[in-house]
Amino acid sequence: MSDERQRCVLVVDDEPDVRSYLKNALEDAGFLVRTAAGGLEALEIVKQEAPDLISLDLVMPRHSGAKFYRELQKDRQLCKIPVLIVTGHARDELGRADFEEMTMSGPGIYLEKPVGPAAYVSAVRRLLGIETPERPEPEPEDLRGQLSRALSGADQDALRRALEALQKK
């Protein structure tokens with residue numbers, strides 16, 4: 001855990017809500033986080049102090065994630081920084097070309113939005129070579145799915161006990 005606290009992740013996304021969401025997920029997991037609203041701002045930050053990992057949106061105005069990545073690759077030191085692509089445009093007209101380029105010749109590691117905090121933090125940890133806790137907290141959607149599957153096979157008595165337990169809270 002103490003190792004994670006020393007790791008810095010740069011989150012690059014043009015949407016303030018997404019930046020905040022990803023930043024909070026990483027900070028909750030103990031990472032130091034810097035943010036940038038676009039490729040040009042990210043390039044300035046990286047040149048000042050290189051992060052341990054970059055979380056990169058592809059489709060951004062003015063300086064896309066793909067352009068930022070190409071600039072990063074021109075520098076001997078900066079090109080070694082692991083990059084995690086986090087995009088909502090992997091398969092649409094806005095981002096398909098950049099996505100295909102990035103997964104074929106770029107880092108090739110990506111998550112599609114919307115992404116849950118546990119899956120996001122797990123991908124960051126994997127890229128940084130940090131052990132993932134044995135049993136990460138399930139996402140709320142996973143809990144609903146687990147509960148739904150358990151209820152679908154439960155008998156009436158078990159359902160009654162479950163309902164009573166929930167009503168006691």
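The values are calculated or read from the model by the stated rules, or taken from the named source; none is laboratory data. Everything numeric here is computed off the predicted structure, so don't read it as measured data. Don't worry about glycine lacking a Cβ; one is built from the backbone with ideal geometry, like all the others, and counts go over all protein chains shown.
Things to note:
- When VAL59, VAL9, VAL18 are checked against the criterion of being closer than 19 Å to ARG125 by Cβ, of a type in the set (A, V, I, L, M) and either assigned to a helix (DSSP H, G or I) or within 17 Å of the chain's Cα centre (by Cα) (or both), a single residue qualifies: VAL9.
- Test: residue in segment 32-45 that is of a type in the set (Ser, Thr, Tyr) and at pLDDT 95 or above: yes
- Extreme residue, surrounded by the fewest Cβ atoms within 10 Å (Cβ to Cβ), among residues of segment 58-83 that are out of contact with any Ser or Thr (no Cβ under 9 Å at 6 or more places or on another chain) and touching a residue at least 40 places away in the same chain (Cβ under 8 Å): PRO61
- Filtered by the rule that a residue be touching a helix residue (DSSP H, G or I) at 6+ places or on another chain (Cβ under 9 Å) and under 17 Å from SER64 (Cβ atoms), segment 36-51 gives ALA36, ALA37, GLY38, GLY39, LEU40, ALA42, LEU43, VAL46.
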